[in-house]
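Accompanying notes for the structure given below.
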Amino acid sequence: MFLNFLKTAFRSLFRQRRHAILNISGLAVALAACIVIFLVIQYEYSYDRHLDGYKSIYHIVGTDKDAEGEHYTTGISFPAVKMMRKDYPQYQFAELMQNSGVQITAKNLDGSMNGKKFIEPAGVFYADPEIMKMFEVKFLAGSAESLKDLNSVVLSRTMASKYFGDWKEAMGRRINMDNLSSDFQVAGVFEDLPTNTDFPFTLVISYEGFMKYNPSGWP
């Protein structure tokens, strides 16, 4: 019985080949589009879900009002964060600022400046040690506390290997950033963060260090 149904179906498809090809092609394209849309949505909703406390992490944004209405900005001023930390001690706050287009010089062992130079289009951040704890960063060497030293820098495994050949050779080495007036010593190496995170930092120095060596506050 079932075989008869199959034979009838194939005969019908063969007799109306053009319509069959058109219908099957349309169905295949629709299914492929559904799969792609599902994967994109699944990826977008997976951001920072690898963190145990992701439900307790909030990104504070700013608002501006003018004649055209209300506008949102992706961040707020750092003095506001300091005020919140003082007024709401029951919450944990972390200061974080991203930079782009920074030239990094990985200095030689003797400290000379003729080492390798790299332009980093993204991933350079100025932050407090709390950000490392908040995002549950796993350190391979050093710790988040090293960011309390204003002349320290922590690197991801990939960046440490990129600058110094092997991440295990990075500890104690120095880098120079073209927008800051000081060298920074590598005091920590952490495991690469997943791509589905809002803050994909690969190189981090303390925000206080950034302000010390760049008083203008401009990245």
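The table that follows gives values for the structure above.
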{"item": "In the range 71-118, the residues that are under 16 Å from Tyr58 (Cβ atoms) and touching a Lys or Arg at 6+ places or on another chain (Cβ under 9 Å)", "result": "Tyr91, Gln92, Phe93, Ala94, Glu95"}
{"item": "Residues of the range 66-111 classified as surrounded by 10 or more Cβ atoms within 10 Å (Cβ to Cβ), farther than 15 Å from Glu130 by Cα and of a type in the set (A, V, I, L, M), total", "result": "7"}
{"item": "From Met132, Met84, residue being at pLDDT below 85 and either assigned by TED's automatic domain parsing to the domain that holds Asn196 or within 24 Å of Asp52 (Cβ to Cβ) (or both)", "result": "Met84"}
{"item": "Selection from the range 154-177 of residues that are among the hydrophobic types (A, V, I, L, M, F, W, C) and under 17 Å from the mean Cα position of the chain (by Cα)", "result": "Val154, Leu155, Met159, Ala160"}
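The values are calculated or read from the model by the stated rules, or taken from the named source; none is laboratory data. Computed from a predicted model, the values in this text were never measured in an experiment. Heads up, the Cβs are rebuilt from the backbone with ideal geometry, glycines too, and the neighbour counts pull from every protein chain shown.
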